[in-house]
Every structure is written in structure tokens, then in C-alpha cells.
Amino acid sequence: YTYGLEYRMTGDPQGVWQIGEWSLDKRHYGNAYPPKGGLLTPPPKGANAAAFWLQRAWAEAVDNIEGWPDSRTMGTIGWRRNKATSEDISNNPWVEALVDSRWKWAGTHILTPRRDGTLSTPWGNGMWSVVGSADGEWTLGFDFAANLHNVRFDRGFHTAMSTRVGDNEKVMLKREE
């Protein structure tokens, strides 16, 4: 294939020449191998059958080729970063539940996603975005201090795991009550 497969999490095509909320594109992996371990998640329901076929082919190759190197790149979720909008918040009740909540980063530093899409951090303001997830998990992008983080929340919104884009460093977050 030549072009990236780009979809919104609704299963609708993202649009011409735009990176999707779900994205499978060989150009993402020009400097590193696609990651192992289930990070090449299936496309959202409603995506074209070709997207499902190619995702399965990639995942099968990555997981079964002997000696496939470890990679610190992202899978199919998290490449698109747009500052959260009031529409993102109103269209996603789970996002509304997280606005203005306080999260302890690595047990000490407080991060707070604000209604205007800014992220309050001890390292200065950043931005947050709705990344979504094809498998029903709740994921936000927390972007601050010149780094991008995909933050996956538990179903009760008590804890979250942040994965830094680029090196996959993981940091636990806990909601401050």
C-alpha cells in the first residue's frame, strides 16, 4: 500500500492528508520498527475491511518474525494531537469526568487537565487531547515539557498509566481525592 490508513475513533475516515486518531502508516516507522506486544491495535468499528486486513497482517508479522527487534515507537493510537475542545468534552462523558481533576504524577507532581485544553503541570502549562482508543479504553494525550504522553485511565478513573511517546517510559498516575 502507498497511503496511510487514517480513521477517527468513530470509524469515519479522518480526511484527506490528515493523520488519524487511529493511524497505520509505514511513514511512522521510518526510524524504528513497528512495536510488538499488541500495540498495533485494530481499527475502530466502521473502518474499511482493508484496514482490518492490513492491521492483522502487520501485527502477525511483528509478533511472529523471529528476531523482530524491540521498539519504543507507538502503535496505531496517539499519532494525532489536537488540543481538547468544548466539543470533545461534551461529546465524551468520560472526558467531562476528567476535566479539572488532579492527578499525582509519579506520586508527587500534580497535573490537571483544564476545560480550555491546557494541562497544568509543575513544569509549565502543556496541552491535553482526546486520543481515544479502538478497544474501549480511555486515553488522553498529555503533552508537556517537550514530550508527548499517552495516558490510559482505568475504568473507575482512580489510576492511569502514562506512556511517553518515543521511548515508552511508563509513569503511574493516581487521582487526588
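A few points about this structure:
- Note that the range 170-176 has calculated 3J(HN,Hα) couplings of 10, 9, 7, 10, 10, 5, 7 Hz, one per residue in order, obtained from phi through the Karplus relation 6.51 cos²θ - 1.76 cosθ + 1.60 (θ = phi - 60°); glycine and proline are x.
- The range 45-121, dipole about Cα centre (Lys/Arg Cβ +1, Asp/Glu Cβ -1), debye to the nearest 20: 300 debye
- Here the Gaussian network model covers the chain, with springs between Cα atoms less than 10 Å apart; of Phe52, Phe153, Phe142, Phe52 fluctuates the most.
- Charge dipole of the range 77-125 about the Cα centre (unit charges at C-beta), most positive-ward option of Val99, Ser86, Trp123: Trp123
- Euclidean distance between Cα centres, the range 98-177 to the range 57-83, Å: 21 Å
- Here volume of the Cα convex hull per residue in Å³ was computed from the coordinates, and among [x] 143; [y] 120; [z] 161 the match is [y].
- Over the chain: helical MRE at 222 nm, DSSP H runs n ≥ 4 each giving -39500 (n - 2.57), nearest 500: -4000 deg cm²/dmol
- Mean Cβ neighbour count within 10 Å, used as a protection proxy, ranking 23-32, 109-118, 72-81 highest first: 72-81, 109-118, 23-32
- Cβ-placed point charges (K, R +1; D, E -1), dipole of the range 1-58 about Cα centre in debye, nearest 20: 200 debye
- Rounded to the nearest 20 debye, dipole of the range 46-177 from Cβ charges on Lys, Arg, Asp, Glu: 320 debye
- The chain: most fluctuating residue of Val99, Val151, Val130 per GNM, C-alpha cutoff 10 Å: Val99
- Listed residues Glu87, Glu96, Glu21, most fluctuating in the chain (Gaussian network, C-alpha, under 10 Å): Glu87
Read the figures in this text as sums done on the coordinates, not as results from a lab. It should be emphasised that the depicted structure is a prediction, and the values quoted were computed from it without experimental measurement. Don't worry about glycine lacking a Cβ; one is built from the backbone with ideal geometry, like all the others, and counts go over all protein chains shown.
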